[in-house]
1. Report the extension gain between residue 42 and residue 70 in nm, rounded to one decimal, defined as 0.36 nm multiplied by the number of residues separating them, less their alpha carbon distance.
2. Out of 67, 56, 6, whose Cα points farthest toward the positive end of the dipole of the stretch 2-77 (charges: +1 Lys, Arg; -1 Asp, Glu; placed on Cβ)?
3. Per residue and in Å³, how big is the convex hull formed by the alpha-carbon atoms of the stretch 2-77?
4. I want to check the label-to-label distance for residue 11 and residue 26. Put each point 7 Å from Cα in the C-beta direction and report it in nm to one decimal.
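What follows draws every value from the coordinates through simple rules; no lab data is involved. Predicted model, so just to flag it, every value in this text is computed and none were measured. Cβ sites come from the backbone with ideal geometry, for glycine too, and all protein chains shown count toward neighbours.
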Amino acid sequence: MTRLRHFVAAVLALLNAVGFREVRPLSVAGQWFIIAYLIPGLGSAGFAVACMTAFVLQGESRNMRKGRRLDRRILQLRDHNALRGSRTGWARLGSLAGV
């Protein structure tokens with residue numbers, strides 16, 4: 001059990017990039033604390049990588065770029081009229097056209 005605890009603590013420290021050796025030897029409680037402290041951090045990093053991968057693979061980045069491109073084109077428009085397809089929009093258009 002002692003070797004397993006040392007192994008788990010060392011692997012978690014290495015994966016979390018916090019170092020391989022302690023500044024001073026840890027007690028058993030200190031080793032368990034390090035293990036319990038580093039596991040959520042590793043889980044959070046894995047979750048972040050999974051979210052970013054899903055974002056790219058599902059095409060959301062492409063949709064965002066298309067949306068930004070459309071927004072830029074809309075901002076560049078000058079002297080334009082927007083037509084709406086609702087009843088009031090068509091009625092307004094008719095009144096403006098003199099119908």
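1. Details: separation 28, 0.36 × 28 = 10.08 nm, distance 3.87 nm.
Difference between extended and current length: 6.2 nm.
2. 67
3. Working: hull volume 8.7 nm³, N = 76.
So the per-residue hull volume is 115 Å³.
4. 1.5 nm
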